[in-house]
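Engineer: One structure, as structure tokens, below. Some questions next.
The values are calculated or read from the model by the stated rules, or taken from the named source; none is laboratory data. Worth saying up front: this structure is predicted, and the values here are computed from it rather than measured. Here Cβ is always computed from backbone atoms with ideal geometry, including for glycine, and neighbour counts include all displayed protein chains. Just the protein is used for accessible areas: all its heavy atoms, side chains included, with ligands, DNA and RNA removed. Shrake-Rupley method; radii C 1.70, N 1.55, O 1.52, S 1.80 Å.
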Amino acid sequence: MTDTQLDAASVKAGSIHWKRNLAVSLIGSFTTIVAMTLLLPFLPLYVEELGVADHAAIVQWSGIAYGATFLAAALVAPLWGRLGDIYGRKLMLVRASLGMTLAISLMGMAGNVWQLVALRLFVGLAGGYSSGSMVLVATQTPKERSAWALGVLSCGIMAGNLVGPLVGGVLPPVIGIRGTFLAAGAMIFLAFLATALLIKEEKSPARKQAAKASGGWKSIPDKRPVVAMLATGMLLMFANMSIEPIITVYVAQIVPVATQVTKISGLVMSAAALGSILSASWLGRLADRIGHWPVISGALALAGLLLIPQAFVTSSWQLIILRFLMGAALGGLLPCITAVIRHSVPDSAAGGILGLSVSSQYIGQVAGPILGGFVGGHIGMRAVFLGTSVLLLTGAAYAWMVRPRTTEAGSGSTARAAADQLDA
């Protein structure tokens, strides 16, 4: 072996500061996600305030402004992950929180819709705090606790997605739309300070040298589990988002009172998020004990089966319960996906490969609503539920077929040994 390989082999995963890092990453991810999603309730109003008058144009520009962040983030996530492997994961969090502070604060000063879209693009290019937190926690946490820690972090991220729009519905009437952006910027600035002052990352010159020499993807000896997890991450987001465009129309067919449609639709959308929040850390702990692959395959299969009765519900409460159960089933997937990738690649390439995972998830997040809306409009809404069910069941079978044949020990010793061999 070369000197770099010998040095890399001596690097051990886990940090004595992992609990503090998890706490700061949890708070920072929640805060940044709240700040990024609170604009959803008032985005069309702000687009109109910026001079767009036509109703169709308002809807179009709102969609462009919202999607710009995810498009930009999907393009640069592998790059930031690769740079994190080389220069440190904490530095990426500091960069992301500072960049988001500037961009979101400047959104409150935008003079036209072009500036708003450009700043939304900049948020995607410079941001990525929550995905960076996933990389930091995955690489700094002892591997036998990694799925649980990632489950806790996922709870914070999902809670931010749930709370953000609620905050965005309350603040603008009190402090104005522009004031809300400035308040969001101040919120992320506090996350920046906490990240810079409190997170402690284990320094590893050996990992830096190995990351520069490894080339990322080609350093992975068995790429099948990683490819499976990239596909699973995309499928997870696709399944979550494919139903979103048709929820309100679907609810209108089963709710007899028209004035209750929007309220019931909100409950249906929130039910899945609530189920995921409640189940993520528990499923992560279960995966640490019995292995990640059984949890991944089982969660995909259960969610796929739960989609079938959703296509035939006759009342709103049935749909709410089924969406809650589906969210609970899918809640453990994100931490398990991250943990499997972390266990399957050398430490020197973890950030870059996890960045690819983030990109695949964004692809699913963008493709889901587009295809779901197309199928729902041209074939029928039941076809969206049933088609997504087939995809999830196929994903479950594929994940089970490509799983490593060596048994994952609950203590994580097998995973640790495999990772040490990869780093060597």
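Engineer: Cross-chain or 8 or more residues apart, Cα under 20 Å: how many lysine pairs in the chain fit that? Count them up, please.
Structural biologist: 22
Engineer: Based on the Cβ-Cβ distance from residue 170 to residue 391, what FRET efficiency comes out when R0 is 41 Å, to the nearest 0.05?
Structural biologist: With R0 = 41 Å, the Cβ-Cβ based efficiency is 0.65.
Engineer: What FRET efficiency, computed as 1/(1 + (r/R0)^6) with R0 = 35 Å and r the Cβ-Cβ distance, is obtained for residue 19 and residue 321, rounded to the nearest 0.05?
Structural biologist: Computed FRET efficiency for residue 19 and residue 321 comes out at 0.45.
Engineer: Multiply the residue gap between residue 223 and residue 53 by 0.36 nm, knock off their C-alpha separation, and tell me the result in nm, one decimal place.
Structural biologist: Net length gain for the segment: 56.1 nm.
Engineer: How much area per residue is accessible in region 61-216 when the probe is 1.4 Å and only protein heavy atoms are counted (Å²)?
Structural biologist: 38 Å²
Engineer: Would you compute, from DSSP H runs of 4+ residues alone, the mean residue ellipticity of the chain at 222 nm, taking -39500 (n - 2.57) per run and dividing by the full residue count, rounded to the nearest 500?
Structural biologist: That calculation yields -27000 deg cm²/dmol at 222 nm.
Engineer: Mind checking Rg over Rh on the chain, alpha carbons, Kirkwood formula for Rh?
Structural biologist: Rounded to two decimals, Rg over Rh is 0.97.
Engineer: I need the trypsin sites (Lys or Arg not before Pro) found in region 10-101, filtered to DSSP loop residues with at most 15 other beta carbons within 10 Å of theirs.
Structural biologist: Answer by residue number: 12.
Engineer: Still on this structure, please answer the following. Percent of accessible area on the chain owned by carbon and sulfur, 1.4 Å probe?
Structural biologist: 70 percent
Engineer: Suppose all protein chains stay in the model; what accessible area per residue would a 1.4 Å probe give for region 218-262, in Å²?
Structural biologist: Here the per-residue accessible area is 46 Å².
Engineer: Hey, another quick one. For region 1-154, build the convex hull from the C-alpha positions and give me its volume per residue in Å³.
Structural biologist: 117 Å³
Engineer: Moving on. Note down the nm distance, to one decimal, between modelled labels 7 Å out along Cα→Cβ at residue 190 and at residue 400.
Structural biologist: 4.7 nm
Engineer: Then there's this: Would you list the membrane-span-like helices of the chain, meaning whole DSSP H runs whose alpha-carbon atoms span at least 18 Å along their axis and whose mean Kyte-Doolittle value is at least 1.0?
Structural biologist: Those that clear 18 Å and a mean of 1.0 are 89-107, 113-126, 146-175, 177-198, 224-242, 292-310, 316-330, 381-402.
Engineer: Here's something else I'd like to know. How much length, in nm to one decimal, is gained on full extension between residue 282 and residue 258, taken as 0.36 nm per residue of separation minus their Cα-Cα distance?
Structural biologist: 4.8 nm
Engineer: With every protein chain kept in place and ligands, DNA and RNA left out, what is the accessible area per residue of region 265-308? Probe 1.4 Å, answer in Å².
Structural biologist: 36 Å²
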